[in-house]
Structure formats: structure tokens, C-alpha cells
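Here's the structure we're looking at; comments come further down.
The values are calculated or read from the model by the stated rules, or taken from the named source; none is laboratory data. This is a predicted model, so every value here is computed, not measured. Positions of Cβ are backbone-derived with ideal geometry, glycine not excepted, and every protein chain shown enters the neighbour counts. Note: areas computed on protein heavy atoms with side chains; ligands, DNA, RNA excluded. Shrake-Rupley method; radii C 1.70, N 1.55, O 1.52, S 1.80 Å.
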Amino acid sequence: IVLTQSPDTLSLSPGERATLSCRASQSVISTYFAWYQQKPGQAPRMLIYGASIRVAGIPDRFSGSGSGTDFTLTISRLEPEDFAMYYCQQSGTFGRGTRVEVK
Amino acid sequence: QVQLVQSGSELKEPGASVKISCKASGYSFSNVDMNWVRQAPGQGPEWMGYITTNTGTPAYVQGFAGRFVFFLDTSVSTAYLQINSLKPDDTAVYYCVRGPWDVWGQGTLVTVSS
């Protein structure tokens, strides 16, 4: 399975809404679909699992949706600490990531 | 709390071997598989495979069989990744990750250079 994330880079301002996409090359089981955030020098941190379930402690401005081949991570209002790399994952396989940067 | 602590950075010459350790604490080590992930500079994470901690049986993703070896010492709740015949392309941060992908080690930077 190949996971294609888009866009490569998202340039937004704090307070704006971010919508990140991940498309799978074939239909996948949502149970094993996750989103991660990674900041420089840190390990990835799981935000969402099962496509839409927030990990304990993750702010509710992060939400995941989707099924089949198309999945979305939405950050409702960007906080300064949200500017980072984001990766989708299906059963171990990772996408190439979307960078959310300050506009 | 559940924690994975990895060994420190390594600088190796091409052709050498390296062994990375990942010590688990805060949970029953033999009840949860352990994944290994490689992240080359500027690249996304890449799943290398996992080891079943109750049997010690490794499973390698295509491309990581051969020079990469996963093994355990359950007496000290530690998983190991050994990389043999190192190449410059092996330069990366290597992470151990608990089975459900919920807890990551801090990463070990391996630099391969002459």
C-alpha cells in the first residue's frame, strides 16, 4: 500500500484551519489508520488512531475522518505549537508527510 | 509510566556493525510486540518490521531482511537492532516503537562515514 499525502507544504497563519489529506493506493481498514505529528529532533507522536479517535491528551482541535482510500486530518484553529510535520500511517506504512508552516 | 529508552548516538565506518538497544519499562515487556522504524535525514519514517516479544520471532519488511537483525533479552526487558555491513545510506535515526505504535523511544542516530 502506498500512502500519498497532500499538500507537501501548507502555509497558514495561527488561528487558521488546516486540512491535510492522505490517499491510500487501495482501500484500507480504518482500524489501523493513524496520524502523527513530528517536530524537529523529536520522535513522531500519535495524534489519531482508528482514523478518527484522538489519543488521550491530544487537544480537540485535532480531528480525523475518512474511510476506504481517503482520509483527512483537520486542525480547527492552528496554535503556534502545531506548526510541524504530519504523517499518516496504515499498518506500519507511512506517507511522505505534510509540513505545516507559518505563513 | 510506559517508557522506551534507547542507546546513544553511534558513528561507524562503512562495513562495520552497530547494535542499538531499547529498554522498556512500565509495562509487561513480553506481552507487546516491538517495532523498529528508520528515518533518514529529511525523510519520513520507514517501518523496518517488528519482533514478537513472547517468542523472539522477528518479521522484516521487504528491504530490511539480511543485514538488519532484531533480537531480545527478555531478562532485562530490552530489544535490540543490529545492523551489519553498514553503508553510508544507513545513516538515519532508528526508533523502537511499542506494538500499538503508542510509545516511541527517543531515537538513536547512526552515522556511517569514513
Taking N as the residue count of chain A, its alpha carbon Rg divided by 2.2 N^0.38 Å gives 0.97
Sorting B:Arg67, B:Arg98, A:Arg99 on solvent-accessible surface, 1.4 Å probe, most exposed first, gives A:Arg99, B:Arg67, B:Arg98
Using a 1.4 Å probe on heavy atoms of the protein chains only, the accessible area for B:Phe29 in Å², nearest 10, reads 10
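Quick check for you: with a 1.4 Å probe and neighbouring chains kept, what is the accessible area per residue of chain A, in Å²?
49
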The size of the Cβ-based charge dipole (Lys, Arg +1; Asp, Glu -1) of chain A about the Cα centre, to the nearest 20 debye, is 60
Hits in region A:20-34: amide N under 19 Å from the 7 Å Cα→Cβ extension of A:Ser67, namely A:22-34
log10 I(q)/I(0) for chain B, Debye formula on C-alpha points only (no solvent), q = 0.19, 0.20, 0.21 Å⁻¹, two decimals, reads -0.94, -1.03, -1.14
Across A:93-100, the residue-averaged tally of Cβ atoms belonging to other chains within 10 Å stands at 2
Phi angles of region B:31-36, converted by Karplus (6.51 cos²θ - 1.76 cosθ + 1.60, θ = phi - 60°) into ³J(HN,Hα) in whole Hz with x for Gly and Pro, give 9, 9, 4, 10, 9, 10
Accessible-area order for B:Met34, A:Met85, largest to smallest, probe 1.4 angstrom, reads A:Met85, B:Met34
Taking every alpha carbon pair in the protein assembly as shown and sorting the distances into 5 angstrom bins from 0 up to the bin holding the longest one, the percent per bin comes out as 1, 7, 15, 18, 18, 16, 12, 8, 4, 1, 0
Region B:1-16 scanned against label point 7 Å out from B:Ala40 along Cα→C-beta; backbone N under 17 Å for B:14-15
If the chain between A:Ser13 and A:Val102 were fully extended at 0.36 nm per residue, the gain over the current Cα-Cα distance would be 31.5 nm
Rounded to the nearest 10 Å², the 1.4 Å probe accessible area of A:Glu101 is 70
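From the gyration tensor of the Cα coordinates in region B:31-72, what semi-axes in whole Å does the equivalent ellipsoid have, largest first, with each one equal to sqrt(5λ)? Don't skip to the answer; put the middle values down first.
Working: eigenvalues 83, 27, 10 Å².
The answer is 20, 12, 7 Å, longest axis first.
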Beyond 20 Å (Cα-Cα) in this structure, taken from B:Lys23/B:Lys87; A:Lys39/B:Lys19; B:Lys12/B:Lys87, we find B:Lys23/B:Lys87; A:Lys39/B:Lys19
The correct ranking of B:Leu11, B:Leu86 by accessible area at 1.4 Å, largest first, is B:Leu11, B:Leu86
Expressed as a whole-number percentage, the relative contact order of chain B with C-alpha contacts under 8 angstrom and at least six residues apart is 38
